[in-house]
Every structure is written in C-alpha cells, then in structure tokens.
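All remarks here apply to the structure that follows.
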Amino acid sequence: MSSKPRKRSRPAPDGAPAPDGVVPDENRADCPFTVTVVSEPERTERDGPKSKKRKHDKSEEDNNKKVQTQNAVFHPEGKFKTSQSLKLYYAVDPRKQWLDMTRYNSFYYTEDFVYVANEATMERQNSLPAGASKGAKKADYWVARILEVRASDEHHVYARVYWMYWPEELPLGTLDGKKQISGRQPYHGQHELVASNHMDIINVVSVVMGVNVKQWIESNDDDIQESLYWRQAFNCRTAELSTVALVCKCRTPANPDKTLVGCSNKTCEEWMHYDCLLDDVLTRVYDRLGTDIPHKSEKPVIKEETKEETKAEPKEGAKGDLPYRLLSPSVEGEDRKSPIVANSEIKDQVLVKQGDDESSKDTETPTPAPQNALDKSSKFALAKRGKRKKSSKKPWEGLFEATLKMNEGPTVWEVTDLREGVEGGEKKWTEPAFCLLCDTLIE
C-alpha cells in the first residue's frame, strides 16, 4: 500500500485547504517529478540485480533499485508513540528520467535549509505599490531541508527535499501524545518549526535563499535559540508528533518564548511556568483578602519555611512578610541554591535569557548562576513581552497583580493591590514564592 504526498500547499485563512503550491509569474517553477512513499518492500522488490562488471558503481546500483531508501535525517529528543524511525522508502516518477540526471552538491550543499517561494509570497509581492520593497515576510515562505540535487543541464535543476512545517500547518487529526490536535499549540514558540519526513521534489527556481535552522535540545540548559529552530518531528506516515518534555505541576510543555523558574530545593529542582507561579500567589492573596479586606503587614515569623507551616499561622497577613535567607552560604558553609530563571522580562535576577526579538537595552547584564544550580537537566525558555489573556477562571484578575523579584535576596512576589475603595491597608507588599511541586520556599 502506498501514499503519494501532494505538492506542498498551505492552509487557507479560513481553515480550508489551499490549492497546490504552484508559484506564479517569474517564480513559476514547474517540476515534472513526483514522489510516492511506499511501505517497506521485500528485499527482492527493493534491490534489483547487482551489476557484475562494475560492482562498486553507485550510479548503476541506484538505477537497479526499484525503490529508494531515505534514512532518517531528523532525530528528535522526544519519542513517537508508534514507529520510532523517520526512515522512508520512496519511488520517483518518472524514475528513469530522475536517475539519469547527475547528482550535484554545487547548488546548496546537501542538508542545507532553504526558504522556498510559494503563492502567498508572490501574491504579497505583486500587491505592493510600484517602487515599494518586494521583500516578503519570511514566515510566508516554506522551509525545506535539501536531501539531494539532480540536474540534466543548468536550466533543469531539481532538489529532493523534506519539508519543515510551521506549527499552523499541522493537519487535523495529528496525534500529539494522547490527544489529536491541529495547528499551532500553546507551547510552540514564535520561531519554532516542526521537522517532518514529508518528501517532495521541487524546481530550484523556487528557492529564495538559505536559512539557518537549528535543533533545540531541551535537556541542554545552555541551548538557547536565537533564530529558527525545531525540537519536534512530524511523521507523515502515522500523522504523529514526537513528544516534548513536560514541566511544572500542570505537566505541559514549555513555550520557548515564555519564562520558566527553577526550584532551588536540591531534592526537587523542577521547572515551573511563570504564569502558573503567578496564578498560585495571586490566588492565595485573593483567598485571604477577597474583594474588600485590606492587607496589613504583621511581624515576620522566623520559623516559616513551607506552605503548610504558613497555613498553620493564625495571624492573617503574616505570610506576606516572611523573612528570607540570603543566597550566599552561611558562616557554617551551608550550600544553598538560588532559583534559576529563563527569561528576559524580569530584571536583577539569576541567569537572564534574551530572545532575538528583544533589544539588548531592555535587559541588564546577566548574573552567573551558582555552578550547582545547573546540575539537573532542565528546560530553558526565552521570554517575550506580551499581554496575558484574560480568563474567567482567575478571580484575582483586575484586583491584584504581581511581579517576581530576585534582586539582593530571596525570591519574592511584589504584589500590587488594584482594588478601588479598599482603605486602611497597604497597596504594595511582598509575598513568598513557593515551589508548586514540593511546597518549599524558592530561595
């Protein structure tokens, strides 16, 4: 049984499938070749009779093969639920014409990534007024990885490619873990691509330029992506995405454009979403103060260390004024960790990571983290400015807001009271930051 992938096409804005990606006008790139992906054949079908005269002549061996083999070129860190390999067996039609052409590496070297023009980019350029810059948005281009280049002459050059998907292009019914999805997911970053084994043959006239695409290894804390990157792969034969690492109490993947905060407890050291920590602290504040109770500071209680111990205190408001230990070791030499943050919004903090969309003037000089703070494999993310969406499930919205502070001491939330008409209390105070998994204070 075989499946024949169509020429690459992008979804229309209304969700309906777009027409085949034929590039018009000066970038029209006709291609007479099609690729058919087939099931793994028997060896007798896969390999034709070997030549006895030129045993090691690779070109003749290729001509004898009925079905070609493409070994996996993408190796995601995550796993697939079904087949673990992206290896494919395929046939090109017309086969003889394809194999008769000479293979070249002089165009773009094999394994390079390129931008490929399509209808969307050409329509955008044609709609611009005379004299305007004709540079299309890079997100409108397709991205492909070149597997091989063949040519019959300088005017007939073709490339066999694997397509990289923009997250929006993931088809309906894609298996992502235990659920079926389509399109961009909350954990996909702005510059994230999805690798695939969707094979095609294109005319190189469609190629616009080379592009740098890197694999993001989530378990590598120092692997920060400043351009296009991929971490997942899409198996077009099984319509399945490779897994991504799950973090935080909510057990969802990390979005590289958003902040992660690391627990400083040696026995935990888990990563948490900034938004989850924010919801936790403001929910605690709302549960304590509601819509009309003013916040009044109480004397700090030295013994408090965990969320459970804090709940046992009878005095209202004491939780917001806990004393904290300094980040440096005590006189006895006790080794303590500071929290780790992957982010570019929160200033005066440990390990600031900056996304490529933000200028350097918006961040301060990063402070190196303690060496032992990076022992555990963890998930780094880049922070990007943006408004948080409203949700009816968060009763504190519009009443309180908070900012994570990590300068000159322990990690605390600076809470601002936005309620109107509430008198007799403070409008700004600090709340401790608790780990959502082990309930200890993040120091």
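Laboratory data are not the source of any read-out in this text; all were calculated from the coordinates shown. Not measured: the values here are computed from a predicted model. Cβ placement follows ideal geometry from the backbone for every residue including glycine, while neighbour counts extend to all protein chains displayed.
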Query - Sites LYS296 and GLU401 - FRET efficiency at Förster radius 22 Å, r taken between beta-carbons, to 0.05 - result: 0.70
Requested in this report: Take VAL194, VAL37 and order them by how many other Cβ atoms sit within 10 Å, fewest up front.
Outcome: VAL37, VAL194
Report summary line: Among LYS405/LYS428; LYS214/LYS249; LYS79/LYS178; LYS249/LYS427, the pairs whose Cα-Cα distance exceeds 19 Å are LYS214/LYS249; LYS249/LYS427
Query raised in the report: How much length is gained if the chain between THR36 and LYS179 is pulled fully straight, taking 0.36 nm per residue apart and subtracting their Cα-Cα distance, in nm to one decimal?
Result: 48.6 nm
Query raised in the report: Roughly speaking, what is the stretch gain from THR102 to ASP275, that is 0.36 nm per residue apart minus the C-alpha to C-alpha distance, in nm to one decimal?
Result: 56.8 nm
Query raised in the report: Assuming R0 = 35 Å, what is the FRET efficiency of THR243 and VAL205, from their Cβ-Cβ distance, to the nearest 0.05?
Result: 0.40
Query raised in the report: Of SER182, SER219, how do they rank once you tally other Cβ atoms within 10 Å and put the fewest first?
Result: SER219, SER182
Report summary line: Per the 1/(1 + (r/R0)^6) rule, R0 = 35 Å and r from the Cβ atoms of THR440 and ALA72, FRET efficiency to 0.05 is 0.25
